Every structure is written in C-alpha cells, then in structure tokens.
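Shown next, in structure tokens, is the structure this report addresses.
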Amino acid sequence: MPDRPARHTLAWLSATAAWRADLPAQEPRLAAWFAQGLPAMVARRAVDDPDPRLRLGVPLPPSEGRLRVALRVAAHEVRLLQPPPAMDEVLARGVPDDWRGALQAMQRLAPARVFGAFAWQHLSGLPYVHPRSDIDLLWQISNTAQADTLVQHLQNWEGTQARRVDGELCLADGGAVNWREYAGGSRQVLVKRTEGAALELRDTLFNAVGVGA
C-alpha cells in the first residue's frame, strides 16, 4: 500500500483496526458504519501535521446532518484501497431518473470517477442525492490541451443540462485543481495534495510529465 494514498481514495479497514475518531462522541456511529463493510475516504492533511497515521473521513447522509466524521488510522490497518467508482459503475447501479440523461451526456465527454453524494449513495445505498445535489467528478489530465478542451465541454454541459458539476482535474504527480478555478484563467491556481495545498503557476501544472501542450 502506498504511504500516502491520493485524496478521495476509498479505504476499507481491517476488522480489528485500531482507528480513532477526532471526536470520541462520533465513534459509535463510525463503528456501526464500518460494521456494515463500508469504506472511509482519504482526506487531505496539513503539511505540518506530526501524526503519521492516515487521515480519513466519512461523510454522513443529509438525514444525519451531512456531518463529515474525521478519523485516524495506521496505514497497516487498511485492508483495501480503491479509487472512487467510475461513472459507468454509478450509472449501472442506478441514479435518479431526472439525472440519468445528464450523467450519460457527461460520460460521453471524458472518463471520470465519481465522489461526493452520488458516490456515497452508490457505495452505501443510503439517500445522499437530493434535488439540489451537484455531481462531483475527478478527471485524469495529462496536458494543457486536454484540460482546456474538457473545461470547455463542462461549461457547455452546464449550460445545456441546467445542472452543476463540481470536481477536479487530477495531475500526474498526484495534485488536483478545481476545474472551475482552472477555467478562470488566473496566473496561479490552488493545487491540492494529500499533504496539503498551495498556489502554483497555472502554466507549469503539466511540466512534471513533460507535456505542456
């Protein structure tokens, strides 16, 4: 298992994992969650965080106040890591009828992985999606031309479907940039990584893989 799995990675814990919630009062709910065989999600940690354990989160459904329960666990206590579900997996499992056409159109734009409400409803069977939900997606991007094309498609999709898409352009080095911030054309954009976040030059985002255009 990687020492620092990417943000949004799903983590299933071993049955005997010695995890600890940031707030002890939330531990009974977490225990019930993990007893159902459900995963947590890898979260971002502060650069100066001295705790070597993985930082994970479990976002509870709207019926439980949309609380995000934070916890820590040693890396060796994780039995399985997987990326978030792909769009075709979520569509196959079932989505609200009024979203199906829009998500099928989105799927045709570019391969994407799903996080947020649609992913957690897919994983847990609990009702996360509501009438005001957005779709949250991750796209793996390798160069500037690909990013620019996708951003234009996303803007067109929002105009055509009257829906909102949130999400991140995922870089080869593990960083990620909010697609809407990238679309704004600012000289610097906020790049999020597992160990923190920092402003970086927009024009150098893809230099790490040697393809700027």
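Translational diffusion coefficient of the stretch 115-213 at 10 °C, 1.306 mPa s, Stokes-Einstein with Kirkwood Rh over Cα pairs, in µm²/s as a whole number.
Working: Rh = 14.5 Å.
The diffusion coefficient I find is 109 µm²/s.
Tell me the trypsin sites (Lys or Arg not before Pro) within the stretch 70-139 that lie in a loop according to DSSP and have at most 14 other beta-carbon atoms within 10 Å.
Listed in order of number, the matching sites are 132.
Can you run phi through the Karplus equation (6.51, -1.76, 1.60; θ = phi - 60°) for the stretch 167-176 and list ³J(HN,Hα) in whole Hz, with x for Gly and Pro?
For the stretch 167-176, the Karplus curve yields x, 10, 8, 8, 8, 5, 8, x, x, 8 Hz.
Relative to the compact globular guide of 2.2 N^0.38 Å, what is the alpha carbon radius of gyration of the stretch 77-141, as a ratio? Kindly include the intermediate steps, with their values, before the conclusion.
On the way: Rg = 12.1 Å, N = 65, 2.2 N^0.38 = 10.7 Å.
So the stretch 77-141 has a normalised radius of gyration of 1.12.
Among DSSP beta bridges whose residues both lie in the stretch 72-174, state the antiparallel percentage, nearest 5.
Restricted to the stretch 72-174, the bridges split so that about 40 percent are antiparallel.
In Å², and per residue, what accessible area does the stretch 123-170 have when probed at 1.4 Å with the other protein chains present?
Computed with neighbouring chains in place, this is 47 Å² per residue.
With n ≥ 4 as the cut-off for DSSP H runs, can you work out [θ] at 222 nm for the chain, using -39500 (n - 2.57) per run divided by the number of residues, rounded to the nearest 500?
-8500 deg cm²/dmol
Which Cα, out of 102, 78, 157, lies furthest along the positive dipole direction of the stretch 65-185 (beta carbon charges, K/R +1, D/E -1)?
Positive-most Cα among the choices belongs to 78.
Return the Rg/Rh value of the chain, two decimal places, where both radii are evaluated on C-alpha atoms and Rh is the Kirkwood radius. Provide the component values of the computation, followed by the final result.
Numbers: Rg = 17.8 Å, Rh = 18.3 Å.
Answer for the chain: 0.97.
Using the Cα centre of the chain as the reference point, and only Cβ charges (+1 on K/R, -1 on D/E), how large is the resulting charge dipole? Debye, rounded to the nearest 20.
The dipole of the chain has a size of about 240 debye.
Over the stretch 1-136, with every protein chain in place, what whole percent of the accessible area is carbon and sulfur at 1.4 Å, could you tell me?
The computed percentage sits at 53.
Roughly what percent of Cα-Cα pairs across the stretch 1-70 reach past 20 Å? Working shown, then result.
On the way: 665 of 2415 pairs.
So the pairs more than 20 Å apart make up 28 percent of the total in the stretch 1-70.
Name the residues whose placed amide hydrogens come within less than 5 Å of the amide hydrogen of residue 176, ignoring near sequence neighbours (fewer than 5 apart) on the same chain.
171, 192
Near the amide H of residue 7, under 5 Å away, which other amide H atoms are found, from residues 5 or more places off or on another chain, if H is placed in the peptide plane?
For residue 7, the qualifying residues are 194.
Starting from the Kirkwood radius over alpha-carbon pairs of the stretch 26-124, derive D by Stokes-Einstein at 4 °C in a medium of 1.567 mPa s and give it in µm² s⁻¹.
Calculated translational D: 84 µm²/s.
Show me, for the stretch 180-189, the HN-Hα J-couplings you get by feeding each phi into the Karplus relation (A = 6.51, B = -1.76, C = 1.60, θ = phi - 60°), rounded to Hz, glycine and proline as x.
These are the phi-based 3J(HN,Hα) values: 6, 5, 4, 5, x, x, 5, 5, 10, 10 Hz.
The values are calculated or read from the model by the stated rules, or taken from the named source; none is laboratory data. Treat the numbers as computed from the prediction; the structure is a model and nothing was measured. Quick reminder, even Gly has a Cβ in these numbers, built from the backbone with ideal geometry, and neighbours come from all protein chains shown. Ligands, DNA and RNA are excluded from the accessible area calculation, which covers all protein heavy atoms including side chains. Shrake-Rupley method; radii C 1.70, N 1.55, O 1.52, S 1.80 Å.
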